[in-house]
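Enquirer: One structure is given below, represented as structure tokens, and several questions about it will come after.
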Amino acid sequence: MMPESGTIHLVLGYTDMRKSIDTLSTSLSRIKDINIFDGSRFVFCNKRQTIIKILYYDRNGFCLFQKRLDKIHFDWPKDIASTKTIKERELRWLIDGLVLDDINTNGDGEYSKIV
């Protein structure tokens, strides 16, 4: 089961989905200031945007989750930076195939007063 805590990093650009756990984890070594063993989740997407893989370290080894969409594609950012951090609910939306920019999140639910 995938953890629901820790940082979630989208590994931007496109990834060859033939890559295995070892190759994906090794590719993360090029990213500065990221510890791949701290429970963070790393999300990869293929060029057709139909498959995502989520890699994370769980106590004593790496785990890999994969999802393939049949009729739609994932809303993968067009940025060219190496990573982008997202929140848990955005990851759920991404996995469900929703378009992240079209969702009105109404903030983080952190309020300072009642109006």
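We did not get these values from a lab; they are worked out from the coordinates using the rules stated. All values reported here derive from a predicted model rather than from experimental measurement. As a convention, Cβ positions derive from the backbone with ideal geometry for all residues, glycine included, and neighbour counts pool all protein chains shown.
Enquirer: Could you list which residues have their amide H under 5 Å from that of T83, counting only those 5 or more apart in sequence or on another chain, with H placed in the peptide plane?
Expert: It is L12, by chain and number.
Enquirer: Let me ask another. Most mobile of T23, T15, T85 per a Gaussian network model of the chain (Cα springs, under 10 Å)?
Expert: T23
Enquirer: Right, here's the next one. For segment 8-102, what percent of Cα pairs sit more than 15 Å apart?
Expert: Values: 2570 of 4465 pairs.
Tail fraction, whole percent: 58.
Enquirer: If you plug each phi of segment 73-80 into the Karplus form 6.51 cos²θ - 1.76 cosθ + 1.60 with θ = phi - 60°, what whole-Hz ³J(HN,Hα) values come out, in order, with x for Gly and Pro?
Expert: Those phi angles translate into 10, 6, 7, 8, x, 8, 4, 10 Hz.
Enquirer: Using helices alone, I'd like the mean residue ellipticity at 222 nm for the chain: each DSSP H run of four-plus residues gives -39500 (n - 2.57), total over residue count, nearest 500. Write out the running numbers ahead of the final one.
Expert: On the way: 2 runs with 15 residues, N = 115.
My calculation for the chain gives -3500 deg cm²/dmol from helical runs alone.
Enquirer: Looking only at the chain, where both bridge partners belong to it, what percent of the DSSP beta bridges are antiparallel (to the nearest 5)?
Expert: On the way: 16 of 19 bridges.
The antiparallel fraction comes to roughly 85 percent.
Enquirer: Moving to a separate point now. For all pairs of alpha-carbon atoms in segment 1-44, what percent lies in each bin of width 10 Å, listed from the first bin to the last filled one?
Expert: For segment 1-44, the binned pair fractions read 24, 59, 17 percent.
Enquirer: Still on this model: If you build a Gaussian network model of the chain, linking Cα atoms that sit under 10 Å apart, which residue out of G13, G97, G61 swings the most?
Expert: G61
Enquirer: Among I54, I36, I86, which one shows the biggest mean-square fluctuation in a GNM of the chain, springs joining Cα atoms closer than 10 Å?
Expert: It is I86.
Enquirer: Under a Cβ-only charge scheme (Lys and Arg +1, Asp and Glu -1), can you give me the dipole magnitude of segment 8-102 about the Cα centre, in debye to the nearest 20? Don't jump to the answer; show the numbers that get you there.
Expert: Values: 17 positive and 13 negative charges, 55 e Å.
Magnitude of the dipole: close to 260 debye.
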